Amino acid sequence: MSDSSTSDSSQEEPWIVQYVTGFGKDFFVEVAPEFIEDDFNLTGLSSCVPYYKEALDLILDLEPEVSIAQSDVALIEHAAELLYGLIHARYIITKQGMIAMAKKYENNCFGSCPRYYCEGTHMLPIGRFDSPGYETVRLYCPNCNDIYLPSSSRYLNTDGAFFGTSFAGLFMKMFPEVNKSHEFTQNQYQLKLFGFKLNEKATCGPRMQWLRSWPRTQNDMYEYKKCEFSIADVKKLKALDYQYDDLIREEKEHPTIIRSEDEGSDSDDNNNDGDDDEDEDDEDEDMDIDDNRRNNTNVKNDHNNSGGESMMSIV
């Protein structure tokens, strides 16, 4: 009697319960049947899911109006999983769905952040696309604001559209204490060199923006292509050098060094010789000025001495 009762109870389990408790479905919550029965909540899904009517009847455990062929059973089951996932993405952004997901978050059903300084922060399931078929589910960390792949491969078949792009943001708004509880863990590893901390804006600093940035200007792209860590092609480098011919011509036509009119020469060699001659002339003039100053001082001293002697003789 006990075996028959357990088999009957397993057969009487709703389709939603069987789906949520299945292998790799730990991230899902049970959507209330009242939410599914409301046609307003299912607006636009009929065009996205094949066998929509049959899949909806299967989710709600309703008997089909028309008998289903055996060859279509697998297709309808797949359509029911797709339809339930899209309904689930709409349900978890409601108040009831948020509360159900908050219980799973509190029990750490979605896993912890693998980052060391996050100290085991609980993560949230998230999708980068709202349309199915683009990418599998990702996990969002409220502490480091980054997304990660699930640690287990059994979640690789779960579409990210079944959780959507808006759930994590609404969850953080509805439960702000989640973000406040992890403010003390927002640390970053600080690189050191012989005991001294490196500036975070340095190329090897903790931000490491240079690893994630992409050249924006032509000069940045030129330096990027000539990076010493890449295998450079001489022909390509020469082709890149041709791009700077205009700048070189402009520099020759409009030099930054102001040349004097007394030089009177066009070539750089003559200019250099003229500069050297002028320097020598300046030095000679300086020496003449110094000699004149010395002579003047000597004359004054002689005059003073002669004047003193004459005064002494008069006295």
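Here are a few things to note about the model shown:
- Hey, Ile99 closer than 25 Å to Lys173 by Cβ, not hydroxyl-bearing (Ser, Thr, Tyr) and not in a loop (DSSP other than H, G, I, E, B) or not: yes
- Restricted to the stretch 23-60, and to residues there that are in a loop (DSSP other than H, G, I, E, B) and among the acidic types (Asp, Glu), the residue that is surrounded by the most Cβ atoms within 10 Å (Cβ to Cβ) is Asp26.
- None of His78, His88 is buried (at least 19 other Cβ atoms within 10 Å of the Cβ) and not assigned by the TED database to the domain that holds Lys173 except His88.
- The single condition among (1) closer than 23 Å to Gln188 by Cα; (2) within 21 Å of the chain's Cα centre (by Cα) that Ser151 does not satisfy is (2).
- The lone exception for Glu119 - which of (1) among the acidic types (Asp, Glu); (2) without any contact (Cβ under 8 Å) to a residue 60 or more places away in the chain; (3) farther than 17 Å from Tyr84 by Cα it fails: (2)
- Positions within the stretch 129-171 being part of a loop (DSSP other than H, G, I, E, B), among the charged types (D, E, K, R) and either within 13 Å of Ala89 (Cβ to Cβ) or touching a strand residue (DSSP E or B) at 6+ places or on another chain (Cβ under 6 Å) (or both), in sequence order: Asp130
- Tabulated pairs, the stretch 132-153, first closer than 30 Å to Pro50 by Cα, second modelled with pLDDT of 90 or more and basic (Lys, Arg), C-beta under 9 angstrom, 6+ apart or interchain: Tyr134/Arg128; Glu135/Arg128; Arg138/Arg128; Leu149/Arg138; Pro150/Arg138
- Within the set Glu65, Glu77, the sole residue that is of a type outside the set (Val, Ile, Thr), modelled with pLDDT of 90 or more and farther than 30 Å from Asn108 by Cβ turns out to be Glu77.
The values are calculated or read from the model by the stated rules, or taken from the named source; none is laboratory data. Just so you know, these numbers come straight off a predicted model, no measurement behind them. FYI the Cβ positions are ideal-geometry reconstructions off the backbone, even for glycines, and counts take in every protein chain you see.
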